[in-house]
Amino acid sequence: MKRFAALTVALLPFVAQAQQVQCWLPYTGFEEKVPHMDLARCPGDDPAPADGHCRIALDGANVIVYFFRQDAAAGQPCLVRVLRQDFNSFAAIHGTTYREP
C-alpha cells in the first residue's frame with residue numbers, strides 16, 4: 001500500500017499538465033500499475049460516460065478518484081484529473097450509497 005501511496009503522490013503534480021501534454025498517462029498504463037476499482041459513473045457525472053470514465057482507490061482514510069477522458073489523438077482514454085479527499089469529506093459530498101446506473 002505504501003508503494004501505491006507513493007505512486008499516487010508522484011502523479012498529482014503532473015495531472016495539471018495532463019491536458020497540455022498529449023496523453024501524459026494513457027489508461028492502459030494506469031490499468032496495469034495502479035490498484036483501483038471501476039466506477040460506472042464519475043462523481044458529479046463529469047465526464048459523462050460517453051466522454052470518459054473514472055476509477056476509484058482507497059488509501060487509508062483517503063478516497064482517490066482518477067478521471068479519464070477520451071483522447072482522439074491518442075486513440076484511448078487519458079488521465080486528466082485526480083481528486084483526493086478524506087473519506088468523510090467525500091461521503092459528505094457524494095453520499096455513502098452507490099447504485100449502478
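The values are calculated or read from the model by the stated rules, or taken from the named source; none is laboratory data. Nothing here was measured: the structure is a model prediction, and the numbers come from that model. When we count neighbours, we look across all protein chains shown, and the Cβ atoms used for this are built from the backbone with ideal geometry, even at glycine.
Observations on the structure shown:
- Cβ pairs under 7 Å, 6+ apart, first in region 69-87 and closer than 12 Å to Asp59 by Cβ, second of a type in the set (Gly, Ala, Ser): Asp86/Ala61; Phe87/Ala61
- Enumeration of residues in region 78-99 that are out of contact with any Cys (no Cβ under 6 Å at 6 or more places or on another chain) and in a strand (DSSP E or B): Leu79, Val80, Arg81, Val82, Leu83, Arg84, Gln85, Asp86
- Across region 80-101, the number of residues qualifying as aliphatic (A, V, I, L, M), under 21 Å from Gly29 (Cα atoms) and out of contact with any helix residue (DSSP H, G or I) (no Cβ under 6 Å at 6 or more places or on another chain) comes to 2.
- Among residues of region 49-66 that are surrounded by 15 or more Cβ atoms within 10 Å (Cβ to Cβ), those with a beta-carbon under 6 Å from a residue that is of a type in the set (Asp, Glu) at least six positions away or on a different chain give the pairs Asn62/Asp86.
- Boolean, Ala73 is loosely packed, with under 12 Cβ neighbours inside 10 Å and of a type in the set (Gly, Ala, Ser): yes
- Residue in region 51-77 that is farthest from Asn88 (Cα to Cα), counting only those that are in a loop (DSSP other than H, G, I, E, B) and modelled with pLDDT of 90 or more: Asp51
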